[in-house]
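K.L.:
Once you've had a glance at the structure underneath, I'll fire off some questions.
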Amino acid sequence: METSARDTGLVRAVGTWGLAASIISIVIGASIFVVPAALAANIGPRAPLAILACAIAVGCVAICFAEGGSRIASSGGAYGYIEAAFGPLTGYVAGTLLWVGDVLACGGIAVALADVGVSALPPPFKASAHVLIIVGAVAAIAVVNIGGVTRGIRLVNAAVLLKLVPILVFVVVGAGAIHGGNFRDSGVASGTGFGRAMILAVFAFMGMETALAASGEVAQPERTIPRALALALAAVALLYMAIQIVAQGILGPALAHSEAPLADAMGQISPALRWLMLAGAAVVDGRLPRE
């Protein structure tokens, strides 16, 4: 296993569960609250098969990351692997692209969170409050990270719990409202439809490489990184398939035309559960979803 001088002084305190939680938190985004409808529109009740196929495909990529992470457990993740394989110049380009992408993504999420926060304020206060929320959110997370990797992992675990609660409620409660007739096949799926479904499903699985940027703080990386990747992707795949099956089982053909499929499905059971799904989408995405 190779390490880098840039990791000197870092505490390797992130275990399997902490890294797996980080991967799950990054991979599962607001897309899961809308992707089930798009999948159903393209291939109908066969959508879980597309999810399974993408899980296998992304799993093959994860094996590559697991191999790289176990051999080159350096901060930067994919950037570290690229640097070791192709040299410092290529590594610098990859690292810069990763850094710029992460900054833009974090900025977009902070702005979306601020949009929600100022939505109920009077117009004269919105501009200043918008800036304060953005600065406050970024500063708060920075303070947690400055406090050490252990505190950072606690924050990740809390975020994962907050994110998964509405999704688990959807799966558990919705499982009892499934109608078998909603899985009747309405026709033969076209190759174009299956291709679109695969693209959507692959998009929903992206993000595992971002969590590996903290590889320099992972304990026993040669074991922890492969185990965390396997655990996280297996959990995500099972969860995605369960969500698709429950949504299809409750809404049937209407799933393909829903703008908020999880909320609409829970609305068949209880209005309160519908609002829980909308709130969950807002928490995950940082903004209020359209009804």
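K.L.:
Give me the pairs, please: first residue somewhere in the range 197-210 and more than 14 Å from Val34 (Cβ to Cβ), second residue anywhere and open to solvent by 50 Å² or more (accessible area, probe 1.4 Å), beta-carbon distance under 6 Å, and either six or more positions apart or on two chains.
P.N.:
From residues that are more than 14 Å from Val34 (Cβ to Cβ), the pairs are Gly207/Ile26; Thr210/Ile26.
Quick grid of which residues meet (1) at pLDDT 85 or above; (2) open to solvent by less than 60 Å² (accessible area, probe 1.4 Å):
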site: Ala158; (1), (2): no, yes
site: Leu168; (1), (2): yes, no
site: Val171; (1), (2): yes, yes
site: Gly195; (1), (2): no, yes
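K.L.:
Also, I was wondering about something else. Take Leu229 and tell me if it is open to solvent by 40 Å² or more (accessible area, probe 1.4 Å) and not basic (Lys, Arg).
P.N.:
Considered against the rule, which asks whether it is open to solvent by 40 Å² or more (accessible area, probe 1.4 Å) and not basic (Lys, Arg), Leu229 comes out as no.
K.L.:
Still on this model: Give me the pairs: first residue in the range 101-115 and open to solvent by less than 50 Å² (accessible area, probe 1.4 Å), second residue modelled with pLDDT under 75 and in a helix (DSSP H, G or I), beta-carbon distance under 9 Å, and six or more apart or on different chains, which are they?
P.N.:
Between residues of the range 101-115 that are open to solvent by less than 50 Å² (accessible area, probe 1.4 Å) and residues that are modelled with pLDDT under 75 and in a helix (DSSP H, G or I), the close pairs are Ala112/Asp285.
K.L.:
Is it true that Ile269 is at pLDDT 80 or above, over 22 Å from Val27 (Cβ atoms) and not in a helix (DSSP H, G or I)? Break it down stepwise before answering.
P.N.:
Numbers: at pLDDT 80 or above: yes; over 22 Å from Val27 (Cβ atoms): yes; not in a helix (DSSP H, G or I): yes.
Against the criterion (at pLDDT 80 or above, over 22 Å from Val27 (Cβ atoms) and not in a helix (DSSP H, G or I)), Ile269 qualifies.
K.L.:
Specify which of the listed residues (Ala219, Ala175, Ala142) is small (Gly, Ala, Ser) and closer than 20 Å to Leu52 by Cβ.
P.N.:
Going through Ala219, Ala175, Ala142 in turn, just one is small (Gly, Ala, Ser) and closer than 20 Å to Leu52 by Cβ: Ala175.
K.L.:
For Leu276, work out the one condition from (1) modelled with pLDDT of 85 or more; (2) open to solvent by 40 Å² or more (accessible area, probe 1.4 Å) it doesn't fulfil.
P.N.:
Failed condition: (1).
K.L.:
Exactly one condition in (1) open to solvent by 50 Å² or more (accessible area, probe 1.4 Å); (2) in a helix (DSSP H, G or I); (3) under 23 Å from His179 (Cβ atoms) is not met by Leu239; state its number.
P.N.:
Condition not satisfied by Leu239: (1).
K.L.:
Also, quick follow-up: Please work out which one of (1) surrounded by fewer than 17 Cβ atoms within 10 Å (Cβ to Cβ); (2) free of Cβ contacts under 8 Å to residues at least 24 places away in the same chain is the condition Ile82 fails and give its number.
P.N.:
All conditions are met except number (1).
K.L.:
If you don't mind, another one. From the list Thr192, Thr224, Thr210, pick out the single residue that is touching a Leu at 6+ places or on another chain (Cβ under 7 Å) and of a type in the set (Val, Ile, Thr).
P.N.:
None of the other options fit; the residue is Thr224.
K.L.:
Follow-up question, since we're still on this one. Does Leu164 satisfy being touching a residue at least 24 places away in the same chain (Cβ under 8 Å) and either outside any helix (DSSP H, G or I) or within 21 Å of the chain's Cα centre (by Cα) (or both)?
P.N.:
On the way: touching a residue at least 24 places away in the same chain (Cβ under 8 Å): yes; either outside any helix (DSSP H, G or I) or within 21 Å of the chain's Cα centre (by Cα) (or both): yes.
Spelling it out, Leu164 is indeed touching a residue at least 24 places away in the same chain (Cβ under 8 Å) and either outside any helix (DSSP H, G or I) or within 21 Å of the chain's Cα centre (by Cα) (or both).
K.L.:
Please give the number of the condition Glu259 fails out of (1) part of a helix (DSSP H, G or I); (2) more than 15 Å from Phe65 (Cα to Cα); (3) not hydrophobic (A, V, I, L, M, F, W, C).
P.N.:
(1)
The values are calculated or read from the model by the stated rules, or taken from the named source; none is laboratory data. These figures come from a predicted structure and were not determined experimentally. Please note: Cβ atoms are built from the backbone with ideal geometry, for glycine as well, and neighbour counts cover all protein chains shown. Ligands, DNA and RNA are excluded from the accessible area calculation, which covers all protein heavy atoms including side chains. Shrake-Rupley method; radii C 1.70, N 1.55, O 1.52, S 1.80 Å.
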